[in-house]
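> One structure coming up, written as structure tokens, with questions to follow.
The values are calculated or read from the model by the stated rules, or taken from the named source; none is laboratory data. Here the structure is a predicted model, which is why all the values come from computation and not from measurement. Every residue, glycine as well, gets a Cβ built from its backbone with ideal geometry; the counts of neighbours run over all protein chains shown. Protein only, heavy atoms only, side chains kept; ligands, DNA and RNA dropped before computing areas. Shrake-Rupley method; radii C 1.70, N 1.55, O 1.52, S 1.80 Å.
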Amino acid sequence: MNYLQFIQQKPILTGRITVNGKQKEGVFIPLWSRYSNSMVYHYHTLKGNKGSGGFTMMRAYSLLNNGILSIIED
């Protein structure tokens, strides 16, 4: 999947990342950010609660290509 296909599909991602020395495992959902006026991925816990943190579409694509995150199949 190339970047253009990725931003058109906006898949839901899952995986484990480290933020400020803490492991975070959960789901990353694309949502609109009014602050950056663009789509960004927000972190949600495995229980469905919205957590703190997230990243840009480009960073999400990079993490997907490096095997750190994966796409949730419907």
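> Testing residue 33 on (1) open to solvent by 30 Å² or more (accessible area, probe 1.4 Å); (2) over 10 Å from the mean Cα position of the chain (by Cα); (3) of a type in the set (S, T, N, Q), one condition comes back false. Which one is that?
The failed condition is (1).
> Quick check on my filter: what residues within region 12-40 are touching a Pro at 6+ places or on another chain (Cβ under 8 Å) and in contact (Cβ under 8 Å) with a residue 40 or more places away in the chain?
12
> Can you pull out every residue in region 12-25 that is on the phi > 0 side of the Ramachandran plot and either of a type outside the set (Gly, Ala, Ser) or open to solvent by less than 40 Å² (accessible area, probe 1.4 Å) (or both)? Working first, answer last.
Taking region 12-25 and keeping what is on the phi > 0 side of the Ramachandran plot, we get 15, 20-21.
Once the filter is applied, which keeps residues that are on the phi > 0 side of the Ramachandran plot and either of a type outside the set (Gly, Ala, Ser) or open to solvent by less than 40 Å² (accessible area, probe 1.4 Å) (or both), region 12-25 yields 15, 20.
> I'd like the residue in region 41-73 that is closer than 16 Å to residue 11 by Cα, hydroxyl-bearing (Ser, Thr, Tyr) and free of Cβ contacts under 8 Å to residues at least 40 places away in the same chain and, out of all such residues, is surrounded by the most Cβ atoms within 10 Å (Cβ to Cβ).
Checking each candidate, the answer is 41.
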